[in-house]
Amino acid sequence: MLIFQNGRSASVLARTRAVVMLLGGEPLGRRYIEWNFVSSRFERIEEAKADWRAGCMKLPDLDNGEFIPLPVDPLPPPNSMS
């Protein structure tokens, strides 16, 4: 990811064939990151961790066979992850 300053020009050179996506808009503001959770609200990170521990998050189809605990979370896996 690359963030350009407002009002500055930029150039991109690809040495091989490439697909580039440009996304613009207002700055997103502060982000909190913990493990696989990202939010603009710290409280939401804590909610996501609690939901993960309780098995309340919808996992992708065909990718719900293995529970991966939070890195510093010694809790056993919940009964269901779907």
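A few notes on this one:
- Every residue from the stretch 31-66 that is touching a residue at least 24 places away in the same chain (Cβ under 8 Å) and in contact with a helix residue (DSSP H, G or I) (Cβ under 9 Å, 6 or more places away or on another chain): TRP35, MET57
- Tabulated pairs, the stretch 9-20, first modelled with pLDDT under 95, second not charged (D, E, K, R), C-beta under 6 angstrom, 6+ apart or interchain: ALA10/PHE4
- Residue within the stretch 55-67 that is loosely packed, with under 11 Cβ neighbours inside 10 Å, at pLDDT 90 or above and more than 26 Å from ILE3 (Cα to Cα) present: no
- Among the residues making up the stretch 16-45, those that are farther than 23 Å from PRO69 by Cβ and aliphatic (A, V, I, L, M) are ALA18, VAL19, VAL20, MET21, LEU22, LEU23, LEU28.
- Lone unmet requirement of (1) modelled with pLDDT under 80; (2) in contact with a strand residue (DSSP E or B) (Cβ under 7 Å, 6 or more places away or on another chain) for PHE42: (1)
- Any chance LEU70 is surrounded by 10 or more Cβ atoms within 10 Å (Cβ to Cβ) and not in a helix (DSSP H, G or I): yes
The values are calculated or read from the model by the stated rules, or taken from the named source; none is laboratory data. Because the structure is a prediction, the values reported are computed rather than measured. Glycine gets a Cβ as well: all are built from the backbone with ideal geometry, and neighbour counts include every protein chain shown.
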